[in-house]
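Working notes for the structure below.
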Amino acid sequence: MFDLLGLSAEHETVYRAMLQRPDLNVAGLADHLGVPPEQVTAALDVLADLALIRLAPQGDQARVVRPQAGLMALLAKVEADVAVRQRQVEATRAAIAAIATAHDDQHQAAEGRVLDGIESVRDRLAELAHSARTECLSFTTGGAQAPDTIQAEAPLNQQALQRGVRIRNVYQDSFRNDPATLAHARLMADLGGQSRTTPTLPMRMVIVDREIALVPIDPGNPRQGALELRSPGVVAGLIALFEQVWHSATPFGERTAADDQGLTPQERELLRLLAAGHTDESAARKLAISVRSVQRMMTSLTERLGAASRFQAGVQAASRGWV
C-alpha cells in the first residue's frame with residue numbers, strides 16, 4: 001500500500017507491528033511476526049532512513065514517529081515531486097508543440113526562415129543584438145564556449161546591456177569548470193546580465209523581445225545553422241520552456257546547493273540518466289562532462305550509499321528516493 005512512499009510490504013508489516021506493540025524490541029518483533037531478527041533489523045534501517053522511527057542511542061528498541069507526522073511528511077515529498085514532474089511535462093509538451101509548429105512553418109517567410117551555417121547565425125545574432133529593445137533569453141549548452149563564440153558575443157551583449165536590454169542566460173553546470181566561459185559569465189554579470197546553471201539543457205536557444213526565437217536546425221550540431229521562428233505560438237512555448245528551466249536553475253555566483261539527501265543537481269541528474277538506461281558515455285554527453293568525471297561521480301555516490309557495486313547502488317538509490 002505504501003510502496004509509493006518507499007515502503008515494501010515487508011517494511012510496512014514491521015511498521016504496523018511497531019504501532020500496535022511499541023513495547024517490543026527486535027527480538028520481540030521477530031517472535032511476534034514469526035520472522036528472523038535480521039529481517040526486522042533490515043526493516044528498521046529502512047524505516048529509520050525514512051524518518052518513520054527513531055532508533056535509541058543504545059539498546060535494540062526503537063520509537064515510532066506518529067503516523068500523522070512521519071507518513072504525511074513522506075506523502076508531502078511525493079506530492080512535491082509529482083508537482084515538479086508535472087511542470088516539467090507541461091514545459092516539455094509546450095516545447096514539443098513549438099518544434100512541431102516550427103517544422104510546419106519554417107519555409108513560410110512570414111513565420112520565420114532558415115539560417116544556414118554558423119556564420120549566418122552569428123550575423124543574425126549581431127543584427128538582433130543591435131535591434132533588441134527589452135530582453136534576450138538564451139540557453140547555452142556544453143561545458144565550454146568556443147573562443148571565437150565568446151569573442152563575437154561579448155561586445156554585442158555589452159552594447160545591449162548598456163541600452164537597458166535585460167539579458168538572462170542559462171548555462172550547463174559543467175561550464176563552471178571552463179575558465180574562459182566562466183570569465184565571460186562574470187563579465188556579463190558585472191555589466192548587469194543574469195546567468196544561472198543547470199545540469200542539462202534541451203538545446204541551444206535565443207529569444208529576443210519575446211518575438212523572435214533562434215533554435216538549432218540540428219541540436220546535436222549547432223554549427224549547421226538555425227531556424228528563426230516568429231510564430232507567436234511557437235515563441236510562447238519556447239518562453240515557457242525557458243522560464244521553467246530558469247526557475248529551477250542555480251544563480252551564477254552561488255554554489256550548487258545539495259538537496260535533503262545531500263545530492264547536488266548534477267549528481268541527481270546523473271542518477272536519473274543512468275536509471276533511464278544511458279551509458280556513461282551518453283550521460284557524459286548530456287551533462288557536457290568527461291566520461292571520467294561521470295565515473296568519479298558514480299564512485300563517490302556508490303561509497304556514500306555504502307554499496308558494493310553500481311547495481312546495488314542503483315537499488316539503494318531507488319529505495320532512498322534518490323531517483
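The values are calculated or read from the model by the stated rules, or taken from the named source; none is laboratory data. As the structure is a prediction and not an experimental result, all values here were calculated from the model. Counting neighbours? That spans all protein chains shown, and the Cβs are built from the backbone with ideal geometry, glycine included.
Observations on the model:
- Residues being hydrophobic (A, V, I, L, M, F, W, C), at pLDDT 75 or above and assigned to a loop (DSSP other than H, G, I, E, B) - total across region 140-185: 1
- Residue check, ALA91 touching a helix residue (DSSP H, G or I) at 6+ places or on another chain (Cβ under 7 Å), within 30 Å of LEU5 (Cβ to Cβ), crowded, with 16+ Cβ neighbours inside 10 Å and at pLDDT 85 or above: yes
- Region 96-118, subset loosely packed, with under 13 Cβ neighbours inside 10 Å and of a type in the set (D, E, K, R), residue modelled with the highest pLDDT: ASP116
- Of all residues in region 201-218 being in contact (Cβ under 8 Å) with a residue 60 or more places away in the chain and not in a strand (DSSP E or B), the one that is nearest to the chain's Cα centre (by Cα): LEU201
- For VAL121, the test of being in contact with a strand residue (DSSP E or B) (Cβ under 6 Å, 6 or more places away or on another chain) and part of a helix (DSSP H, G or I) is passed.
- Filtered residues of region 296-310 (kept if in a helix (DSSP H, G or I) and either under 13 Å from LEU270 (Cα atoms) or of a type outside the set (A, V, I, L, M) (or both)): ARG296, MET297, MET298, THR299, SER300, LEU301, THR302, GLU303, ARG304, ARG310
- Cβ-Cβ contacts under 6 Å between residues 6 or more apart (or on different chains), taken from a first residue in region 296-323 that is at pLDDT below 75 to a second residue that is hydroxyl-bearing (Ser, Thr, Tyr), are listed as ALA313/THR302.
- Evaluated against (1) touching a residue at least 12 places away in the same chain (Cβ under 8 Å); (2) under 18 Å from the mean Cα position of the chain (by Cα), ARG285 falls short on exactly one condition, (1).
- In this entry, ARG272 passes the filter for residues that are within 19 Å of GLY6 (Cα to Cα) and under 14 Å from the mean Cα position of the chain (by Cα).
- Checked against the criterion of being closer than 30 Å to VAL245 by Cβ and free of Cβ contacts under 8 Å to residues at least 40 places away in the same chain, the candidates ALA83, ALA98 yield just one match: ALA83.
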